[in-house]
Amino acid sequence: MSNITGLVCVNCGARYAENDAMFCGNCGVDKGILDVKFDLDRARRTLTRAALAGRAANHWRYRELLPIAEDGPALPAEIGWTPLIEAPRLAEALGVGRMRLKDDTRSASASFKDRASSVGVSRALAEGRRDIACASTGNAASSLAHCAAAAGLRATIFVSMRIPEGKLAQLLAYGARVFKVRGTYDEAWRLCMSACEKYGWYNRNCAVNPYLMEGKKTGGLEVAEQCADDPPDWVSASVGDGCSIAGIAKGLREMHDVGVVGWRTRVLGVQAEGVAPIARAFASGRFEAGAAGDTYADSIHCPVPRNWKKAIEAVRESGGQYVTVSDDEIREAMRLTGRLAGVFAEPAAAAAVAGVAAARRAGILDAHSSVVAMITGNGLKDIPGAMSALGEPHTIAPSLDEVRRIVENGPNHTE
Ligand SMILES: *Cc1c(COP(=O)(O)O)cnc(C)c1O
Ligand SMILES: [Zn+2]
């Protein structure tokens, strides 16, 4: 038995039992996204700091707040509990009091999405399914392919033509069946929906599968536990579809509500300037999808976000804010995060750091603010994207004279 009490439609408030619906029948698949509710009073009895201290170092340690049965499958085992890295030089460069990085670059498939995919795979296993599928611009796909391979499910993945080669190589390495769809991401998404219906595959899609956000929630649960005695003022995260930030905010809130921590923290949502429908709706109160701009941060290139409502409400409820950042600001953040903290972030992950600089300039943060930035994906996933930010090496003949020429005259590193 799981600790779920029901699912509630974010649009009309209708309530469903755990296995009765994936989306709200009144509101349809586009609007009727469900939110999973847990018995927090029951969770509070067993989910204590003392109990947590004795549990395994992975995200299944929060079983009372996860959509899996106490004796149900929880695979792959090694997901979550990524380190929180103290980054004093980065804090100084950004002009804030303290920076800590939640380093999901070192998750199993090198992104935050492993948190959601592992929950999807575990639910598919609990239902006795053999097949699982998704449509993705990259990390949801590579993490699903990883989790399915580790747990023994077949994965079918629909990707758009934009997918970076590193992520595509991951899919093929993990043995997924990959459809590269000549069309928009939205077309790939709809095709995946139809195929899931036709073949009865389990659908790992955050927009239609409410349980996946509960996996992303573990990012917030972990930050709360890791900062239990030393709370940050803000947690910063980049936003594409909106599912990640909604999950992170929910996790932070639930750790407070079950009494593991005694504090709340504000959540800072960061979108790319060119593709920022959620940040704009937060500011204007009116949501409009499909704006024409662009960003090179492929993982947050999401002109038609489906979880915008959860993403806006979660940030507002935390007392937080949204900011937008340019691609150049993202490149600068990627350089700073690598050089000053030793963490190689992909563009969408560096955006969470760029957002700290933007929020500082906007006066949302001050010189004393303590911030945790969610580093959601590894820079190795997209080498051309990284190289556009990082410059070139010194190409030299094998001669000490040439080394001397650079060391004694040149800048300390490539610019
Ligand atoms: C998916 C992703 C995000 C954003 O998550 P959403 O749920 O789409 O808002 C941020 N960073 C990385 C690296 C991602 O893969
Ligand atoms: Zn509804």
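Here are some notes:
- ALA51 meets the conditions (1) aliphatic (A, V, I, L, M); (2) away from ligand 2 (no atom under 16 Å from the Cβ); (3) touching a residue at least 60 places away in the same chain (Cβ under 8 Å) in every case but one. The failed one is (3).
- Residues within region 35-62 that are touching a Phe, Trp or Tyr at 6+ places or on another chain (Cβ under 6 Å) and within 16 Å of ligand 1 (Cβ to nearest atom), tallied: 0
- Checking ALA228, ALA188, ALA176, ALA224 one by one, the residue that is away from ligand 2 (no atom under 16 Å from the Cβ) and surrounded by fewer than 21 Cβ atoms within 10 Å (Cβ to Cβ) is ALA228 and no other.
- From the options PRO347, PRO277, residue that is buried (at least 24 other Cβ atoms within 10 Å of the Cβ) and under 30 Å from ASP30 (Cβ atoms): PRO347
- Any hit, region 357-372, residues being within 14 Å of THR105 (Cβ to Cβ), touching a residue at least 40 places away in the same chain (Cβ under 8 Å) and surrounded by fewer than 18 Cβ atoms within 10 Å (Cβ to Cβ): no
- If you go through region 331-356 and keep only what is farther than 12 Å from THR376 by Cα, part of a helix (DSSP H, G or I) and out of contact with any strand residue (DSSP E or B) (no Cβ under 7 Å at 6 or more places or on another chain), you end up with ARG331, GLU332, ALA333, ARG335, LEU336, GLY338, ARG339, LEU340.
- The single condition among (1) within 14 Å of ARG331 (Cα to Cα); (2) in a loop (DSSP other than H, G, I, E, B) that SER388 does not meet is (2).
- Condition check for GLY290: small (Gly, Ala, Ser), surrounded by fewer than 16 Cβ atoms within 10 Å (Cβ to Cβ), touching a residue at least 40 places away in the same chain (Cβ under 8 Å) and part of a loop (DSSP other than H, G, I, E, B): no
- Listing of strands (runs of 3 or more DSSP E) fully contained in region 1-115 that carry 3 or more residues being buried (at least 17 other Cβ atoms within 10 Å of the Cβ) and modelled with pLDDT of 95 or more: 4-9, 34-38, 98-103
The values are calculated or read from the model by the stated rules, or taken from the named source; none is laboratory data. Note that this is a predicted model, so its numbers are computed, not measured. Because the Cβ atoms are built from the backbone with ideal geometry, glycine has one as well, and the counts that use them run over all protein chains shown.
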